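Let me begin by presenting the structure, written as structure tokens, before commenting on it.
The values are calculated or read from the model by the stated rules, or taken from the named source; none is laboratory data. Everything quoted here is computed from the prediction, not taken from an experiment. Here Cβ is always computed from backbone atoms with ideal geometry, including for glycine, and neighbour counts include all displayed protein chains. Just so you know, the surface numbers come from the protein's heavy atoms only, side chains and all, with ligands and any DNA or RNA stripped out. Shrake-Rupley method; radii C 1.70, N 1.55, O 1.52, S 1.80 Å.
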Amino acid sequence: MIDPTEMRRVLGHYASGVVIVTAAGAAGPVGMTMQSFHALSLDPALVALFPAKSSTTWPQLAPAGRLCVNVLAMGQAGLAQAFARRGENRFAGLDWQPDAGGAPMLAGALAHISCRITQTYDGGDHHIVVAAVEALSADPTAEPLVFYRGTFRALAAPI
Ligand SMILES: Cc1cc2nc3c(=O)[nH]c(=O)nc-3n(C[C@H](O)[C@H](O)[C@H](O)COP(=O)(O)O)c2cc1C
């Protein structure tokens, strides 16, 4: 039996970007911060994300069917924290525009990936969600927000 705290500590050595996944919820815009987001397939264009089964936000995102994955820029760590807090009005005072599916595209994000959920599989205490990419764009001039060993970081210089 692997201790969950140890699992989190060791896997935290795998650095990643940070995204906020959004959708047009039944009662307005919804979104949550996620680290477990991946490119899955080029042809067809698919992405994968792994929301926790314990999340109270995912059941509001999933019925929309269409999501926007907002890849966060270096200056958006505060946003990442706000979208991971329960009970907060996460969109208060936020600048965003709806994509073609109505999902919020957050201003200042590094990239926006609009997608449609196609499959959901069981992944232990998480769901494995596969989504087909419908539109995407990126700002090549912005720097990414990095998550490593439980803390937000800036990307180091190229080696
Ligand atoms: C940097 C970071 C990465 C996260 N990655 C994930 C993730 O991949 N999957 C997930 O379910 N939750 C992830 N979370 C936690 C969710 O954002 C958070 O638990 C959730 O929004 C809490 O509210 P909820 O219960 O309303 O969903 C992450 C949080 C942070 C700060």
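The H on the amide N of MET105, modeled in the peptide plane, is under 5 Å from the matching H of GLN97, ASP99, each at least 5 residues off or on a different chain. Couplings 3J(HN,Hα) of segment 11-24, computed from phi: 5, x, 7, 8, 5, 8, x, 10, 10, 10, 8, 10, 7, 7 Hz, in residue order, whole Hz [Karplus 6.51 cos²θ - 1.76 cosθ + 1.60, θ = phi - 60°; x for Gly and Pro]. All alpha carbon pair distances within segment 1-90 were sorted into 5 Å bins beginning at 0; the resulting P(r) in whole percents reads 3, 12, 20, 23, 20, 13, 7, 2, 0. A simple spin-label model places pseudo-atoms 7 Å from Cα toward Cβ; at THR56 and MET74 they are separated by 3.6 nm. Remark: segment 145-159, residue by residue, has Karplus-estimated 3J(HN,Hα) of 8, 10, 10, 8, 6, x, 10, 7, 9, 9, 6, 6, 5, x, 10 Hz, where x stands for each Gly or Pro and the curve is 6.51 cos²θ - 1.76 cosθ + 1.60 at θ = phi - 60°.
Legend: residues TRP96, TRP58, sorted from most to least accessible area (1.4 Å probe; ligands, DNA and RNA excluded), read TRP96, TRP58. Taking a virtual spin label 7 Å from the Cα of MET7 along the C-beta vector, which residues in segment 140-159 bring their backbone nitrogen under 18 Å of it? Zone members listed by number: 149-150. The phi torsions of segment 113-130, fed into the Karplus equation with coefficients 6.51, -1.76 and 1.60 and a -60° offset, translate into couplings of 10, 8, 8, 10, 5, 10, 9, 10, 10, 7, x, x, 8, 10, 8, 9, 10, 10 Hz, rounded to whole numbers, with Gly and Pro shown as x. Amide H contacts for ALA84 (H built 1.01 Å from N in the peptide plane; partners 5 or more residues away or on another chain; cut-off under 5 Å): THR33.
Protein chains only, probe 1.4 Å: how do MET105, MET74 rank by accessible area, largest first?
The ranking, largest first, comes out as MET74, MET105.
In percent, rounded to a whole number, the relative contact order of segment 16-66 is 35, using alpha-carbon pairs under 8 Å and six or more apart.
Applying 0.36 nm per residue to the separation of ALA135 and SER36 and subtracting their alpha-carbon distance, the gain on full extension is 33.6 nm.
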